[in-house]
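Enquirer: Handing you a structure now.
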Amino acid sequence: MKLIRVQVAELWRILVLSFAGWLAVLELVIFFRSSTFYKLHEFVFKPYKESISSYDVGLRAQQWDDKQIAKLLYESVRVHCLLYLEDLGNGFDAMKAEHIRKTWGCRCNELSVFDSREISLTEAYLWIYRNNHHKLDWLLSVSMGTYVIVENLRHMLAPYSPSQAIYFSAQHGFYSYAHVGKGATTDHIFSRGALEHLTAENCLHDGSSLRACLARMDRGPSDKLLPFHVQEEVLPFHLRTKFWLWPCTYRSVYENQSRESCFGRGILYPYVNSNQLHVLDFLLYHLRPYGYVNPLPELRSVHFPNHIEAKAINDTLARRLSQSVRVLCLVLTWPTNHLSGAKTISETWGRHCNRVVFYSSSPHVGSPGVGVDIVGLNISDSYDFLWGKTKAAFRHAYRHYRHEADWFFKADDDTYAIIENMRYMLSSYSPDTPIHFGCNFQLGKVTYMSGGAGYVLSRKALQMFITRGIGKSMCRAEGEGTEDYQMGICMNTLNVTDGDSRDHYNRHRFFPIGLEYFLIPGRADFIDWLKKFQIHTFQKGINCCSTYSITMHKVSPYEMHFLEAILYSARPYGIIMGHPRTKCGNRSAVVVRRGQQ
C-alpha cells in the first residue's frame, strides 16, 4: 500500500512538472510572438551601420509634368554639389556616392566627389572655387547621409544674391543606430561671395581657420536644413531604420511644428541610407495621387529675375471622381494602436475616403487623444481570429453603409492607401459587377488578395459575400483562419472575379510590404512567401511600381504623415505633377513673368 502511494505521488509529481514545463513553453511561444519581445529584441540588438551594395534601379521619366519653373531655377540658381568621402576602408562611401549621383545628385548643376585620403575638405572648397567660380552661384557640401531636394534648395536660395558673402549650415548629431556616418556632421551652403571672401582671407587653410571665419560671416536662416542634435533618450531605438523621419517628427512632438510644413517644405533629410535614397526619389518625383495638381508657392525677389506667381492646388478631377466612384474604407485596428494607427489614418489617407470606419475589439467614441469613432466588435483581437473580425467588419459596413458607397476597401492600420488612385483604377469597372482587387496571390488552387496590401470589393461582391457567403454559410463559418486566404476561398466559391490591379505597363499598384523591397533590385529575393504566393511577378527597380500605386503595407504613422505632406501639399519646387489628358479637365498654366519684382 505504501509503495502504491509512493508511485502515485511520483506520478503526480511528474504530471505537475510536465504541466509546468509545457505551460512555460506555451508562455515563451506567446512571448516570442508578442510586440513586447519585438521591442526588447530591438532594444538589446547591437546597433549597426548601413550595409551598402551596388545596384541599378533604372530610369523612368514622367511625360506629363510641367518642369518649366524648375528648369528656369536650374539655369538661374546654379548649385555645385560636393560629396566628401571619409570612410573608404570598406568602399561603402564610394558606392553610396554612386547612389547619390543617380538620385538627388543628378539635379545639381555640377557634382564633385573628393577622397579624404587625397585632399582635405577646406582644400576641396578652395579647388572648386578656383576652378568653377565662373559657373557656380552656390556650393552645397553635405554628408553622405543626406538626401537633398535640390529644387527646394534653389527656391530657398533664389531671394539671395550669390555675390553676397553669406552661408547656411546645419549640424546633425551622431547616433550609433542611425546607420550613416561615424560621427556628427555639418552640412554647409556657401554663396560664391562667401567662397571669394574665405579665399581672400585665407580661411580655407584648415578646419579651425574656416570655423573662425564663419563666426564673423553672415549666416542665413537654416531651419529648413533640419539641424538635429538631441539626447538619445527621447528617440525610439526600435525605429532606427527610419531615422531620417525623426528631425521632422521631433519638431512635431516636442516643438509643436506642423508635420506638413516640415516634411513638405524641407530642403534636405539627414540620416538617409542608400536604399532610402531611391525610395525618396520615387515618392517625390514619380508617385502621385490621380486628379491632384499640386500647389506652388510664390517666388518674389530683387535678386531673381522672375516673379513666379503662386498657384493654388487644383483637385477638381479628384473631387469629381470622389462623387462618381464612392469608396468606403474599413480599417481593422487594435486597442493598443488606437492612438497611433487609427488616429494617424484619420488625419491622413482616411480623409480621402467617402467614409472611413475603424473596427476593433474595444470601442472608442471620440475619446480624448484619439478623436475618432471606433466600432467595437464582439470578437478577439488575436491574429488567429482575424477572419472572424473581417467578416464582422464587412457585415457591419453592409448593414449600416451599403447605400453610401460603390466600393468597400479593407485595410490594416499599418497600411497607407492613395484613395484617388484607387478611384482612378476602379472608374473603368461597374460596382454592380462581382469583382474585387488587390495584390493577387495564389496558394494551391485558391486565388486571393494579400490582406496586408488591402483589397477592395465591389458593391455586388460585398452583397454576395454577406447574403450568400456568410448568410448561407457558403464561406467558413468559424472565426479562426487566415483572413486573406479564407476570403479568397469565399470569393472563389461565390464566383467573384479576381481583378488584375496592375497598370498598362504591368506595374503593380498594391504592395504587401514596403516599396523598398521592390524598388531595390534583390531586396525581395529572400522573401520566400512572396515568391511562393505571387501570381504576377514584380518587376525590379524603378519600373516595379505604378505612378498611380494604391497601397503600401508596413507603413509607420510617421511615414504616413510624410506621404500625406508630399503627395497632397508639396512637391519639389517648380515641378507641377501632371496626369494623362482626360475629358474631365486640363491643367492650367503656371504664370511666369520675367522682369517683375
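The values are calculated or read from the model by the stated rules, or taken from the named source; none is laboratory data. Keep in mind that what you see is a predicted model, and the values were worked out from it rather than measured. Neighbour counts run over all protein chains shown; Cβ positions are idealised from the backbone, glycine included. The area values use the complete protein model at the heavy-atom level, side chains included, leaving out ligands, DNA and RNA. Shrake-Rupley method; radii C 1.70, N 1.55, O 1.52, S 1.80 Å.
Enquirer: If you take every DSSP beta bridge whose two residues both sit in the chain, what share of them, in percent to the nearest 5, is antiparallel?
Expert: Among the beta bridges of the chain, antiparallel pairing accounts for roughly 50 percent.
Enquirer: Helix 246-255 sits at what angle to the longest principal axis of the chain, using alpha carbons and giving 0 to 90 degrees rounded to 10?
Expert: 80 degrees
Enquirer: Just to make sure I understand: if all protein chains stay in place, what is the order of Glu347, Glu255, Glu309 by accessible area at 1.4 Å, largest first?
Expert: Accessible-area ranking of Glu347, Glu255, Glu309, largest first: Glu255, Glu347, Glu309.
Enquirer: Report the Rg/Rh value for the stretch 98-153, based on alpha-carbon coordinates and the Kirkwood definition of Rh.
Expert: Expressed as Rg/Rh, it is 0.95.
Enquirer: I'd like the orientation of helix 2-32 relative to the chain: the angle between its Cα long axis and the longest Cα principal axis, in ° from 0 to 90, rounded to 10.
Expert: Relative to the chain, helix 2-32 is tipped by roughly 40 degrees.
Enquirer: Residue farthest toward the positive end of the dipole of the chain, with Cβ of Lys/Arg at +1 and Asp/Glu at -1: which of Leu15, Ala212, Leu377?
Expert: Checked the options; the winner is Leu377.
Enquirer: If I fit a long axis through the Cα atoms of helix 274-285 and take the longest principal axis of the Cα atoms of the chain, what angle between them do I get, 0 to 90°, rounded to 10?
Expert: 90 degrees
Enquirer: Something else now. In this model, which of Lys71/Lys96; Lys102/Lys311; Lys102/Lys540; Lys410/Lys531; Lys445/Lys531; Lys96/Lys182 are farther than 21 Å apart at the alpha-carbon?
Expert: Lys71/Lys96; Lys102/Lys311; Lys410/Lys531
Enquirer: Could you work out the percent of alpha carbon pairs in the chain separated by over 30 Å, rounded to a whole number?
Expert: Counting every Cα pair in the chain, those more than 30 Å apart make up 58 percent.
Enquirer: Let me ask something else. How long is the gain from Leu443 to Gln231 if the chain were fully straight, where each residue apart is worth 0.36 nm and the alpha carbon distance is subtracted?
Expert: Here the segment from Leu443 to Gln231 would lengthen by 71.5 nm.
Enquirer: Okay, next question. Kindly provide the pair-distance distribution of the stretch 78-302 built from C-alpha pairs, with 5 Å bins from 0 and whole-percent values in order of increasing distance.
Expert: Calculated P(r), rounded to whole percents: 1, 6, 14, 18, 20, 17, 13, 7, 3, 1, 0.
Enquirer: Which aspartates and glutamates have a Cα lying under 16 Å from the Cα of Lys472, excluding residues fewer than 8 positions away in the same chain?
Expert: none
Enquirer: Right, next: If one computes the Cα centroid of the stretch 225-266 and of the stretch 372-440, what distance in Å separates the two points?
Expert: Each part's Cα centre sits 32 Å from the other's.
Enquirer: With contacts defined as alpha carbon pairs under 8 Å and 6 or more residues apart, what's the relative contact order of the stretch 427-579 in percent?
Expert: 24 percent
Enquirer: List the relative contact order of the chain as a percent without decimals, with contacts defined as Cα pairs under 8 Å and 6+ residues apart.
Expert: With pairs under 8 Å counted, the relative contact order is 16 percent.
Enquirer: With the other protein chains left in place, how much accessible area per residue, in square angstrom, belongs to the chain at a 1.4 angstrom probe?
Expert: Here the per-residue accessible area is 45 Å².
Enquirer: I've got another one for you. Each label point is 7 Å from the Cα along the Cα-to-Cβ direction; what then is the distance between the points at Ser163 and Glu404, in nm?
Expert: 6.3 nm
Enquirer: Taking the Cα centroid of the stretch 103-127 and of the stretch 509-588, what is the distance between the two, rounded to the nearest whole Å?
Expert: When both Cα centres are located, 32 Å separates them.
Enquirer: Sticking with this one: Under the definition of Cα pairs under 8 Å and six or more residues apart, what whole-number percent is the relative contact order of the stretch 148-288?
Expert: 29 percent
Enquirer: When the helix-only estimate is applied to the chain (DSSP H runs of n ≥ 4, each -39,500 (n - 2.57), divided by the residue count), what is the mean residue ellipticity at 222 nm, nearest 500 deg cm²/dmol?
Expert: -10000 deg cm²/dmol
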